[in-house]
2 protein chains.
Amino acid sequence: MTLASLQTPCLLLSKEKLDRNLARMKARMDSFAVPLRPHIKTAKSVDVYRPALEGAVGLTVSTLAEAEYAFANGTRDILYAVGMVPAKLHRALALQARGADLTLTVDSLDAARGVAARAEESAAGVVIEIDSDGHRAGVAPKSELALAIARVLGPSFRGLMTHAGGSYECRSVEAIREIAERERRAVVDTAAMLAEAGIRPAIVSVGSTPTATFGERFDGVTEIRVGVYMFQDLVMVNLGCCAIDDIAIAVLASVIGRQEERNWLIVDAGWMALSRDRGTAAFADDYGYGLVCDTAGRPTDMIVQSCNQEHGIVARRNGAPIDFGKFPIGTMLRILPNHACATAAQHGGYVVVDPEGEILGRWPRLNGW
Amino acid sequence: MTLASLQTPCLLLSKEKLDRNLARMKARMDSFAVPLRPHIKTAKSVDVYRPALEGAVGLTVSTLAEAEYAFANGTRDILYAVGMVPAKLHRALALQARGADLTLTVDSLDAARGVAARAEESAAGVVIEIDSDGHRAGVAPKSELALAIARVLGPSFRGLMTHAGGSYECRSVEAIREIAERERRAVVDTAAMLAEAGIRPAIVSVGSTPTATFGERFDGVTEIRVGVYMFQDLVMVNLGCCAIDDIAIAVLASVIGRQEERNWLIVDAGWMALSRDRGTAAFADDYGYGLVCDTAGRPTDMIVQSCNQEHGIVARRNGAPIDFGKFPIGTMLRILPNHACATAAQHGGYVVVDPEGEILGRWPRLNGW
């Protein structure tokens, strides 16, 4: 079966590129002797992340639905890396009661007290989120608050985690390396402070694909959380984390119209198939809603310039005339995503292809909470 | 059952507001004696659109999956309003063979020939898309190309359709009225031109929620296509099409963190739950990723300022200090969407609520193609 048998739009996954991306990151982290805790929020498919489990300490998840999925698919050690609220505890404890080894995340005394109040029901551990770059959640590194939360958690305390979301705003490898070191120091220094108070974190967790790709030191860190690296995307290309040829997913679309006077092709992949993510808008190299490749996956100089729900408007980046004769109605194109997590989330599964475009299978993915 | 029993994030639908929105649009179009052909691309749920079928000529869909769904749920007359490609014809013809009365869309001689070549297999009709505002697909109004396509279609020709997507860029009711008239004229004038050539369109179809809300003339039009009106959203508020109180869907989220130094609440609705749609960014009244309401649905002066996948960062619009005492961990908030189509698409269904927040039921929705 070839691409011609598919209904567009759909999400293609190159198994060859996936395997290469997984192997490259594993080799890098092996060289630092730090294990991965792959984040499944990007792939949300055991078929995708299964090879990444080799040598990993467990998995990271962004929802309890992912935790339930990961456990149902054979992984016990799961870190739920989003702040816990009391109303979700029953689900976490139920999973723990069934045999999962779950680690929850808190960044406040309130949340810590909520979990600690039910510690007797469960052996679920808790990590404190440390804020390494002022981007989102977490308590300040080496703060009294971190120590106070660890004390409230008592025997539930398991360690520290941070995520250098700020690495996405870097515009040089040097800057990413600085952020990576700041990310490491945020948790390693806090761990040292807690150790002085007699509290020893078992987990000292960092991670983002850019910092994992370029970080130069990981000493004191017990695990690395990465997700996007499995697929890569145009934001990762712009950050220097990978080449365009490494991007493992693409939306397969068909030409449904040609606006010759406006120098546009219209394709049947709009924001519903591509997502509304405009992650490359913040970079000099702005790919619109995605970089257009030919049927075989070779990049063109066209991007999806704008989107409606089920229509994508394709234009050449340099404004030169499109050779419309090459794009009859029904021509299939592959569109590389700005942001793999967002684009994949618009689809119920992956059509797995080999380098020749032969279809190897279909892998479902989890969506929802 | 109340909201407290729900796992966040999830998508709430106010049945009262939905019913009001449906009734208001129907009353307006009844006053012009023009029937609706509701577009199900926003709701993608028969439970939502069922009341809108009363008095309607049929449904509009944006994917063949929606067409199959609509037919399976009892609607025969379905307009597929996205350009047809040869590789999808077998699905359309299969639906037609099962008893659907399907209308397809083309805007080129190529696509018309593709459909016409298989006309003997099926009585599916075809409309020609007319471009009323230079935004997307379609052939020029009153163009020779429209006539040529109609001739190629022969007995399959069924009429004309256009969509004034440009109405979303209007910044006054006057401007929307002008676009509405341009939308009407695009198809009505083209229909007149075809009539002179002896070709009579049975369908003369226009529609967008803004033009349907403010248009002053619909003579010559046989049907109005609207979808967003069922739910409304913040873009529609900014366009003057509805009030904030009319927005029928909201993402229910929980406070999972409080960054007091930065004056932020962190909620568990990130772009995965809200979508990446920043439709209000183009307006003076920019709601970020959504307007934050309290648990009961009353608007606050807070918006979701930025998003990660499962984290939303909530801030006050005026920068004044948040009264953090009012927002303990676990506090539920409702977030109104920029763009109902995009936000609803991130969810597998609706939690239907009454004005007191009692849960009336759960309605699944279709996603995918």
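The values are calculated or read from the model by the stated rules, or taken from the named source; none is laboratory data. Predicted model, so just to flag it, every value in this text is computed and none were measured. Here the Cβ positions follow ideal geometry from the backbone for every residue, glycine too, while neighbour counts run over all protein chains shown. All accessible areas refer to the heavy atoms of the entire protein, side chains included, with ligands and DNA or RNA removed. Shrake-Rupley method; radii C 1.70, N 1.55, O 1.52, S 1.80 Å.
Between identical copies, the spacing of residue B:348 label points, each set 7 Å from Cα toward the C-beta atom, reads 1.1 nm from nearest to farthest. Where only DSSP H runs of four or more residues are counted, chain A gives -8000 deg cm²/dmol as its mean residue ellipticity at 222 nm, each run worth -39500 (n - 2.57).
Averaged over the residues of peptide A:309-316, the number of Cβ atoms from other protein chains lying within 10 Å of each residue's Cβ is 4.
On the principal axes of its alpha carbon atoms, the stretch A:1-71 extends 44, 30, 14 Å, with the longest extent given first. What separates the residue A:32 label point from its copies, with the point 7 Å along Cα to Cβ, is 6.1 nm, written shortest first.
Here the scattering of the stretch B:85-154 is modelled by Debye summation over its C-alpha atoms, one equal scatterer each and no solvent; at q = 0.11, 0.26 Å⁻¹ the log10 of I(q)/I(0) is -0.27, -1.13. Of all chain A residues, the one whose Cβ lies closest to the rotation axis that maps A onto B, given with that distance rounded to whole Å, is A:276, 2.
With K and R counted +1 and D and E -1, the other residues having a Cβ less than 14 Å from that of residue A:23 yield a net charge of +2. Here the dipole of chain B is about 480 debye; that uses its Cα centre as origin and unit charges on the Cβ of Lys and Arg (positive) and Asp and Glu (negative).
Counting only other chain Cβ atoms within 10 Å of each residue's Cβ, the peptide A:259-266 averages 3. Each other copy places its own label point for residue A:16 at 6.0 nm from this one, sorted shortest first, where the point lies 7 Å along the Cα-to-beta carbon line. Of the cross-linked pairs B:26/B:142; A:26/A:88; B:44/B:326; A:41/A:88, those separated by over 26 Å at the C-alpha level are B:26/B:142; A:26/A:88; B:44/B:326.
Over all pairs of different C-alpha atoms, chain B has a mean inverse distance whose reciprocal, the Kirkwood radius, equals 21.5 Å. Charge tally for residue B:233 (other residues, Cβ to Cβ under 10 Å; Lys, Arg +1; Asp, Glu -1): -2. Of the trypsin sites (Lys or Arg not before Pro) found in the stretch B:113-145, those in coil by DSSP whose Cβ has at most 15 other Cβ atoms within 10 Å are B:118.
Under 15 Å from a label point set 7 Å out along the Cα-to-Cβ vector of residue B:285, the amide N atoms of the stretch B:213-255 belong to B:232-248. Seen from all directions on average, the stretch A:299-347 presents a Cα convex hull projection of 4.2 nm². When restricted to Cα atoms, the stretch A:144-202 yields an Rg and a Dmax of 13.9, 42 Å, respectively. Its alpha carbons considered, the protein assembly as shown gives a radius of gyration followed by a Dmax of 26.3, 91 Å. Count charges around residue B:365 for me, please; just the other residues with Cβ under 14 Å from its Cβ, Lys/Arg as +1, Asp/Glu as -1. That works out to +2. For the stretch B:176-258, applying the loop criterion from DSSP together with a ceiling of 11 other beta carbons within 10 Å to the GluC sites (Glu not before Pro) yields B:216.
Exposure check, 1.4 Å probe, all protein chains in place: residue A:271 carries approximately 10 Å² of accessible surface.
Sorting A:279-290, A:355-366, B:295-306 by their mean Cβ neighbour count within 10 Å, with the most densely packed peptide first, gives A:279-290, B:295-306, A:355-366. Peptide A:63-70 shows a mean partner chain C-beta count of 1 within 10 Å per residue C-beta. Comparing Cα centroids, the stretch A:86-140 and the stretch A:1-64 end up 26 angstrom apart.
Have a look at B:311, B:339, B:39 and tell me which one the Gaussian network model of chain B (Cα, springs below 10 Å) gives the largest fluctuation. Most flexible of the set in this elastic network: B:311. One Cα centroid belongs to the stretch A:216-246, the other to the stretch A:166-211; the line between them spans 15 Å. Once you divide the Cα radius of gyration of the stretch A:202-268 by 2.2 N^0.38 Å, the number left is 1.73. Available extension along the chain between residue A:360 and residue A:117 is 82.6 nm, counting 0.36 nm per residue and deducting the alpha carbon span. Shown here for the stretch B:1-108: GluC sites (Glu not before Pro) in loop regions (DSSP other than H, G, I, E, B) with at most 15 other Cβ atoms within 10 Å, namely B:54.
For the stretch B:244-369, the C-alpha radius of gyration sits at 1.02 times the compact-globule guess of 2.2 N^0.38 Å, with N the residue count. Measure off, as a whole percent, the carbon and sulfur share of the 1.4 Å-probe accessible area of the protein assembly as shown, all protein chains present. For the protein assembly as shown, the apolar C and S fraction of the accessible surface comes to 52 percent.
Spacing of the modelled spin labels on residue B:140 and residue A:172, each 7 Å from Cα toward Cβ, amounts to 5.2 nm.
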